[in-house]
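In what follows, a single structure is set out as structure tokens and then discussed.
The values are calculated or read from the model by the stated rules, or taken from the named source; none is laboratory data. Worth saying up front: this structure is predicted, and the values here are computed from it rather than measured. Here the Cβ positions follow ideal geometry from the backbone for every residue, glycine too, while neighbour counts run over all protein chains shown. Each accessible area value is taken on the protein alone, full model and side chains, heavy atoms only, with ligands, DNA and RNA left out. Shrake-Rupley method; radii C 1.70, N 1.55, O 1.52, S 1.80 Å.
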Amino acid sequence: DVKHLKMEETQLLVDDEWIGDSNRLQRRWISPRKFPKPILESDRPYEEQCPLLWGSVLRDANGTFRMWYANWARKFKRQGFICYAESEDGVVWHKPSLGRCTFDGSKDNNICLMMSHNIDGATVVEDAEDTEFPLKMIFYSKADVPEGQVGQGLFAARSKDGIGWEVLPGGPLCPAFGDRMTAVGQRVGGKFVAFSRYTEATQKYGMRTINRSESEDLVHWSDPELVIKPDVEDPANMEFYGMTVFPYGNRYIGALERMYRVPDVVDTELAISKDTRTWLRTRARACFIPRGERGTYESDW
């Protein structure tokens, strides 16, 4: 018995809002099928260990998939790179030579943004309100600050085309925000919204939790607020490493990364929200994206 639906909107049945009554009905969560190997692999010196897609994939008006990803390279620990790739089908990817950033004496690379410190969790946001700079990037990094200290927190950049990026001054912003940062790929209620760890919450609970902060201008951010943490129904050794949030239909879906301290492994559970503040976890709390078999590239994380 389904309530009257607003036919002009996509209505998801991920929660019970549209279920008026039910009899012998069960909600099933069907995991996506994964390709047997990564669609993007390390083949550049500055990628070293692997491309790191705590980043973004967007599709432009022409149907081209555009990816912004970070490098994971211990050799270049004091440098952070955001790299760019393109695909017509989302499966076969090309890393174009952008000619923008110098690495090892050459600009023949696909690096579109460089920082003096490691970059983590770079999210590209489509900002329809800004016609001059329609793309923004929010990421976590560090910067040298007065008295020889290193400040850490959020940084922001803007771009006209997704290739040339201008880092906004004033960073690091929201210094209490931790790494493994993600943001929603579009404004939420007119504001930029980001999720990460928060020093105060981590100290209070002794574990990683999911916290939310918002900004109207990418410079001034609200004090982070706790939105999800493990509860008494979760294993005692579980923390939440991070959560990628994206709009889908009339909901926001969160890919909640469940980290188990012993053994050190991560899997993914879905969470659902109407407003990015209040989150509902599924009753079964089933694993949505499982780890691979032992010995595969995805057996642990």
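In the chain, helices alone account for a calculated mean residue ellipticity at 222 nm of -500 deg cm²/dmol, with every DSSP H run of four or more residues adding -39,500 (n - 2.57). Across 91, 167, 57, mean-square fluctuation computed from a Gaussian network of the chain (C-alpha pairs under 10 Å connected) peaks at 91. Stretching the chain fully between residue 86 and residue 29 yields a gain of 17.5 nm (0.36 nm per residue, less the alpha carbon separation). Taking each residue as 0.36 nm, the span from residue 17 to residue 100 lengthens on full extension beyond its C-alpha to C-alpha distance by 25.0 nm. The label point for residue 59 and the one for residue 108, both projected 7 Å from the Cα toward the Cβ, are 3.5 nm apart.
Taking a straight line from the alpha carbon of residue 136, these aspartates and glutamates sit under 19 Å away, with near neighbours fewer than eight places off in the same chain left out: 60, 86, 120, 126, 127, 161, 166, 179, 214, 216, 217. Residues whose amide H lies under 5 Å from that of residue 227, counting only those 5 or more places away or on a different chain, are 210, 211, 212; hydrogens are built 1.01 Å from N in the peptide plane. Amide H contacts for residue 187 (H built 1.01 Å from N in the peptide plane; partners 5 or more residues away or on another chain; cut-off under 5 Å): 128. Calculate what fraction, in whole %, of the accessible area of the chain sits on carbon and sulfur atoms when a 1.4 Å probe is rolled over the protein chains. C and S fraction of accessible area: 49 percent. In angstrom, the C-alpha Rg and Dmax of the range 220-287 are 12.7, 39. Among the GluC sites (Glu not before Pro) found in the range 215-277, those both in a DSSP coil and sparsely packed, with 15 or fewer other Cβ atoms within 10 Å of their Cβ, are 216, 233. For the range 69-136, taking the reciprocal of the average inverse distance between every pair of different Cα atoms yields a Kirkwood hydrodynamic radius of 13.5 Å. Comparing Cα centroids, the range 251-300 and the range 86-150 end up 27 angstrom apart. One chain, two ends: residue 126 and residue 50. Fully extended at 0.36 nm per residue, the span grows by 24.7 nm beyond their Cα-Cα distance. Note on residue 300 and residue 79: their simple-model spin labels are 2.6 nm apart, each label 7 Å out from Cα toward Cβ. Sorted from longest to shortest, the spans of the Cα atoms of the range 146-210 along the three principal axes equal 42, 37, 18 Å.
Taking only the Cα atoms of the range 169-242, the radius of gyration and Dmax are 13.1, 43 Å. Could you give the alpha-carbon Rg of the range 82-222 over 2.2 N^0.38 Å, rounded to two decimals? Normalised Cα radius of gyration, the range 82-222: 1.12.
Here the label points at residue 264 and residue 225, each 7 Å from Cα along the C-beta direction, are separated by 3.5 nm in the simple model.
Calculated accessible area for the chain comes out at 55 Å² per residue, all protein chains present (probe 1.4 Å; ligands, DNA, RNA ignored). Add +1 for every Lys or Arg and -1 for every Asp or Glu among the other residues with Cβ under 11 Å from the Cβ of residue 124, and state the total. Counting the neighbours of residue 124, the net charge comes to +1.
Its Kirkwood hydrodynamic radius, worked out from the mean inverse distance over all distinct Cα pairs, puts the range 165-301 at 15.9 Å. Pairs of Cα atoms nearer than 8 Å and 6+ residues apart set the relative contact order; for the chain it is 10 percent.
All C-alpha pair distances within the range 24-125, sorted into 10 Å bins from zero, spread as 14, 43, 27, 10, 4, 2, 0 percent across the bins. Pairs exceeding 24 Å between alpha-carbon atoms, taken from 37/142; 160/191; 229/274; 204/274; 191/274: 37/142; 204/274. Counted over all Cα-Cα pairs of the chain, pairs farther apart than 36 Å make up 18 percent.
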